[in-house]
1. Somewhere in the range 532-554, is a residue open to solvent by less than 10 Å² (accessible area, probe 1.4 Å), part of a helix (DSSP H, G or I) and out of contact with any helix residue (DSSP H, G or I) (no Cβ under 6 Å at 6 or more places or on another chain)?
2. How many residues are more than 25 Å from the chain's Cα centre (by Cα), of a type in the set (Val, Ile, Thr) and within 14 Å of CYS554 (Cα to Cα) if we restrict to the range 574-595?
3. When PHE444 is evaluated against the numbered criteria (1) of a type in the set (A, V, I, L, M, F, W, C); (2) under 30 Å from THR225 (Cα atoms); (3) loosely packed, with under 14 Cβ neighbours inside 10 Å; (4) at pLDDT below 90, which criterion, by number, is the only one it fails?
4. Which pairs do you get when a residue that is closer than 18 Å to LEU135 by Cβ and within 14 Å of ligand 1 (Cβ to nearest atom), found in the range 172-189, comes within reach of a residue that is modelled with pLDDT of 95 or more and among the polar types (S, T, N, Q), reach meaning Cβ atoms under 7 angstrom, with the pair 6+ apart or on two chains?
5. Just for the range 687-719: of the residues that are of a type in the set (S, T, N, Q) and out of contact with any strand residue (DSSP E or B) (no Cβ under 7 Å at 6 or more places or on another chain), which one is surrounded by the most Cβ atoms within 10 Å (Cβ to Cβ)?
6. Can you go through THR88, THR79 and tell me which one is in contact with a Ser or Thr (Cβ under 7 Å, 6 or more places away or on another chain) and hydroxyl-bearing (Ser, Thr, Tyr)?
7. Can you pull out every residue in the range 176-225 that is open to solvent by 30 Å² or more (accessible area, probe 1.4 Å) and on the phi > 0 side of the Ramachandran plot?
8. Taking the range 273-330 as the region of interest, how many residues are among the β-branched types (Val, Ile, Thr) and within 16 Å of ligand 2 (Cβ to nearest atom)?
Amino acid sequence: MLVPIFTLKLNHKVNPRMVTMGKFDGIHPCLTAATQAGKVFIHNPHTRGQRQVAHRLSQSAQDSDISLLNINQAVSCLTAGSLGPNTTGDTLLVGSQTNLLAYDVHDNADIFYREVTDGANAIVLGKLGEIPYPLAIIGGNCALQGFDYEGNDQFWTVTGDNVRSVALFDFTGDGKNELLVGSEDFDIRVFKEDELVSEMSENETVTSLCHMHGSRFGYALANGTVGVYDRTARYWRIKSKNHAMSIHAFDLNADGVEELITGWSNGKIDARSDRTGEVIFKDNFSSSVAGVVEGDYRMDGQIQLICSSVEGEVRGYLPASKEMKGNLMDSSAEQDLIRELSQRKQNLLLELRNYDENAKVHQHTHTHTEIQRHTLTLEDNAKATPGVSEGDSGMGVIPANTQLQTALAVRAATESQRAHIELSISTPNETIIRAVLIFAEGIFEGESHVVHPSAQNLSGCVRVPIIPPKDIPVDLHVKAFVGGKSSTQFHVFEITRQLPRFSMYDLTVDPDAPQPTGRVTFGINDRPQRVVMWLNQNFLLPEGIESPDVTLTCLRGGGLLSISMESNGEITLNTDDIDLAGDLVQSLTSFLAIEDLQAEADFPSYFQELRTTLTEVDEFHSVHQKLTAAIADHSNHIRNMLVQAEDARLMGDMRTMKKRYIELYDLNRDLINEYKIRSNNHNALLACLKSVNQAIQRAGRLRVGKPKNQVISACRDAIKNNNVNALFKIMKAGTASS
Ligand code: CA
Ligand code: CA
């Protein structure tokens, strides 16, 4: 069994996800982590007693191997690595909601300290695309920002929602790194510099991303899911009731391929095969894991996997030796596995016995049904062929021609039911559907849904309402238990159907519904038939739609969506939902393989809201400045008062001293109130800035390729220059010059 090669007990609490390893002198790896009260600790057991203490750094009172770095505000992310060309060792980078600090631990000096208005929730350090030097890239309030070693802002772009995780590696396999971004809108986005090249939709906030090897990477979600992707395809995933606090790629069984190491909120560490997700090793801490990193902590040339708990317990593991032959777990884990396997064997034997019983009665029919059952997993809505009914038998035999049919239909809201998509599952003969199990990501609570009609309601048809919360395509994996009315055993049919991306749109239109005022217009060089093909693939439309001009009711928002195409190839999308317009532009251009698309747009009510937000941003900024000045004033006042009170005490003038302390008390209370106001003001400002970043992102999504990037960077320039009119001009025309 694999056991830790070393353990440490650091007398410091460790903030989850804020653990890194840095060689600050270029040689010795130091475990570095954010701790409470705005401090970062640096554990350096290698160069005992050689440390000077200066500037931000101080010595820990509890542990002589630990230096404490004062950040004086809550740390939100940190990392270490090679940033500058002329520094001895790694640079430590510490992000907060307002600042990014690049610190030279070895020389006890700030390299830069930058204000970051969009905050830093996640950080990664490395090379991106063709940019020749490494960048410290932070993800915050819907924005991504990259700094070089001088603190120059060399990279900026916007993304769909608050960023929670980032990773840098060569996703496309062209030798240059892409930036992977996980955010609160459940998406994993891949950026080639500032160009969005891939987008994968998950079903919860993406809290961690880590590169494994090649184009493979691990991910973790806020709902306890961890898994592995290869490029845009998900290999496997598992879901736990605990939270994955930290993930890391490490070859623990020494077979040359990294496993996905996960540290969990219940203190468990597990290592899973990158191919199958099978657990090859696990261990337990007494408290939640905070971080999983690696380094040669014993300085003997061997890299260890190093795990830290939130209580400061640290364990290092060496990869398994050859003698262990990949058996990393102790014998009790093996026994668990044997127990589990023999249970499975029992169940399979039981199933086999049932089949044998059936086969004795209806040998021929049964094999025939089995073959059909398997073809049905591939075919959808296969036509039923006439056959001989075997009647109703308690043994669960069903007619050979039994096939499962599925249909999807849009259902508008009624008095008793919300608007939904109706999935109907039926059999063509007298057989009944005893139960239906549907597995679909992001649609049902817990991802699966079971329909189990009561005995008196049994029939050959089951209807299931489905309400996809977002416009993303969803695979519906359906399992239906089919048999006779009195059957005790059932045949399981499996079918997968895809719900098209824009399924919550209905051709039934209320003639009194107001026309949308928002629109986006662009030209394409393609035939109307191709647009019709796209419509049929992406909407749930009845057969026979032949024109690209359609008007639909948006079943989620209630407004109208009109799509029209002129004979010169100009397409206009009319909707008040700018997000929907962006999704449609992206979907249509990807279907037609259009790489660059310029567009003109106007979303009057949305732009009006944005104008209000921009005014608020100005107000919050000026309030912020006033409050900062007032607080500085008060602080000076307090200092004077304290000196006066102390003087009075030394003179024995207790009355004056008391009076001064009462004044001091009042002033202090005012100061605390002012601080609260400032803090509320700051949070309101952040919310506004998020809206502004989202608006830039939305304006970008109405375009594709170069025009998209141009719109995003021109919008940012307009905001930097406080030129509101230019901003709206760009969002509408797609360019600043015309
Ligand atoms: Ca690449
Ligand atoms: Ca391995």
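1. For the range 532-554, residues open to solvent by less than 10 Å² (accessible area, probe 1.4 Å), part of a helix (DSSP H, G or I) and out of contact with any helix residue (DSSP H, G or I) (no Cβ under 6 Å at 6 or more places or on another chain): present.
2. Residues in the range 574-595 being more than 25 Å from the chain's Cα centre (by Cα), of a type in the set (Val, Ile, Thr) and within 14 Å of CYS554 (Cα to Cα): 1 in total.
3. That leaves (3) as the condition not met.
4. GLU178/THR172
5. Going through the qualifying residues, I end up with GLN694.
6. Of the residues listed, the single one that is in contact with a Ser or Thr (Cβ under 7 Å, 6 or more places away or on another chain) and hydroxyl-bearing (Ser, Thr, Tyr) is THR79.
7. Within the range 176-225, PHE186, GLU193, GLY214 qualify.
8. 5
The values are calculated or read from the model by the stated rules, or taken from the named source; none is laboratory data. Keep in mind that this is a model prediction, so the values were computed, not measured. Virtual Cβ from ideal backbone geometry, glycine too; neighbours counted across all protein chains shown. Surface areas here come from the heavy atoms of the whole protein model, side chains and all, with no ligands, DNA or RNA. Shrake-Rupley method; radii C 1.70, N 1.55, O 1.52, S 1.80 Å.
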